[in-house]
Each structure stands twice: as structure tokens, then as C-alpha cells.
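The values are calculated or read from the model by the stated rules, or taken from the named source; none is laboratory data. Note that the structure is predicted; figures quoted are calculated from it, not measured. Cβ coordinates were reconstructed from backbone atoms using ideal geometry, including for glycine residues, and neighbour counts include every protein chain displayed.
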Amino acid sequence: MPNISKLPKKKKKLKKTKKLTNLPLPTKPKKVKSSPIDYYNCLLLKAQNDWTDPTTGKKKKITACCKDCKTNAPQVNQIRTQEISKLITSYHQVGESLKKLLKPLK
């Protein structure tokens, strides 16, 4: 019997061509990274509310709350900062009105 050695098969190289168009490329929405501080604040808020879901009013498991905080922490932090800024402006308004009402003794 003749000894036939197996020769490696030749791979065909395909040329990739790019189609150039004037259409805009689709953009992906930017994903907001959550920081550990945002995540901690979200968990702290959930713990203060006794791990209840604000939409259903039922108690949730801690692991489900942690999963929610991982995804929703940036939005919760944004709402929190808006509420803090509202509180600061109202505090300044109260201070200004008290300043006008109560005149210091000379």
C-alpha cells in the first residue's frame, strides 16, 4: 500500500468589503455607571423603608432589593440630589424670611 500523507487544506481567503453610505451610524444609549456610594445610598434607603417595594407596598427580599439597587442606583441618586437641592433652597428662603421678621437687638 502506498503511504499517502495528508496535505493541509488550503484555506480560501475572503475579501471583506465595506459598503460606504451616507447614513448616520446608530448610536447606543450611554450607560450610566453606578458608583458604590450610589449603591450604598440606595440600599440604605431601602433598609429605612423596611425593604418594601414603593410600587406594590409589599416586602421584598434583600437580594431582590440589592439587584434593584445595582440597576437603579444612578436614578435614585439623581432624585436624591434634586430633593436635597430643593431642601437647601427652601431652607435659605426660611432664613431670609426670619431675617426680615426678627431684627437683631442693638
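Okay, here's what the table says:
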quantity: Selection within segment 56-73 - of a type outside the set (D, E, K, R) and part of a loop (DSSP other than H, G, I, E, B); calculated: THR56, GLY57
quantity: Residue in segment 68-104 that is farthest from the chain's Cα centre (by Cα), counting only those that are closer than 15 Å to LEU44 by Cα and of a type in the set (D, E, K, R); calculated: ARG80
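Residue-by-condition table, conditions (1) modelled with pLDDT of 70 or more; (2) farther than 15 Å from ASN72 by Cβ; (3) surrounded by 11 or more Cβ atoms within 10 Å (Cβ to Cβ); (4) basic (Lys, Arg):
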| site | (1), (2), (3), (4) |
| --- | --- |
| LYS6 | no, yes, no, yes |
| LYS15 | no, yes, no, yes |
| PRO26 | yes, yes, no, no |
| PRO36 | yes, no, no, no |
| LEU43 | yes, no, yes, no |
| GLY57 | yes, yes, no, no |
